[in-house]
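As structure tokens, the structure follows; a few thoughts come after it.
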């Protein structure tokens with residue numbers, strides 16, 4: 001069961017937390033959860049907006065995307081990821097994955113309601129086959145999985161001085 005949980009939630013912590021929380025009685029809708037990914041230095045953020053009226057357990061995960069290209073879904077779900085998970089109350093909450101090494105990553109998010117009857121997952125090519133493994137309602141969120149690039153730190157530029165800059169096309173600028 002743990003491998004199935006990891007597949008859908010990209011982190012094994014999401015479902016056990018969701019099952020431990022008292023259930024919600026409302027029917028789920030695809031538009032009740034949204035994601036918005038961003039990069040802030042060596043952190044990747046995901047603003048999760050929860051309009052379900054109840055608490056969700058959500059995970060934001062990063063998997064390598066060499067060359068900025070989306071890898072096959074199986075590599076993303078079963079490979080090594082960086083991530084974070086937590087309970088999300090109604091409204092907007094920012095998930096932050098910190099200390100992300102330089103490189104390109106696919107950012108995926110998933111949420112499950114408290115009674116584990118509905119799940120919202122970033123849209124991704126081939127994800128529907130994985131979602132079909134679960135015995136409850138699942139929705140692909142309009143915000144698809146996104147490739148984010150965490151830039152390498154640039155070296156500090158020298159301070160500009162009062163010295164003229166030589167122009168190699170026209171000889172000396174003195």
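The values are calculated or read from the model by the stated rules, or taken from the named source; none is laboratory data. Computed from a predicted model, the values in this text were never measured in an experiment. When we count neighbours, we look across all protein chains shown, and the Cβ atoms used for this are built from the backbone with ideal geometry, even at glycine.
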Practice task
Within the range 33-82, work out how many residues are under 19 Å from residue 113 (Cα atoms) and either more than 9 Å from the chain's Cα centre (by Cα) or free of Cβ contacts under 8 Å to residues at least 40 places away in the same chain (or both).
Solution key: 14
Practice task
Determine if the range 124-132 includes at least one residue that is modelled with pLDDT under 90 and touching a strand residue (DSSP E or B) at 6+ places or on another chain (Cβ under 6 Å).
Solution key: no
Problem - Among residues of the range 124-154, those that are assigned to a strand (DSSP E or B) and either within 13 Å of the chain's Cα centre (by Cα) or within 25 Å of residue 41 (Cβ to Cβ) (or both), counted - result: 8
Exercise for the section: Quick one: in the range 102-123, of everything that is surrounded by fewer than 18 Cβ atoms within 10 Å (Cβ to Cβ) and within 13 Å of the chain's Cα centre (by Cα), which residue is modelled with the highest pLDDT? Expected result: 104
Practice task
Would you check which residues across the range 76-88 are out of contact with any strand residue (DSSP E or B) (no Cβ under 7 Å at 6 or more places or on another chain) and either surrounded by fewer than 20 Cβ atoms within 10 Å (Cβ to Cβ) or modelled with pLDDT of 90 or more (or both) and list them?
Solution key: 78, 80
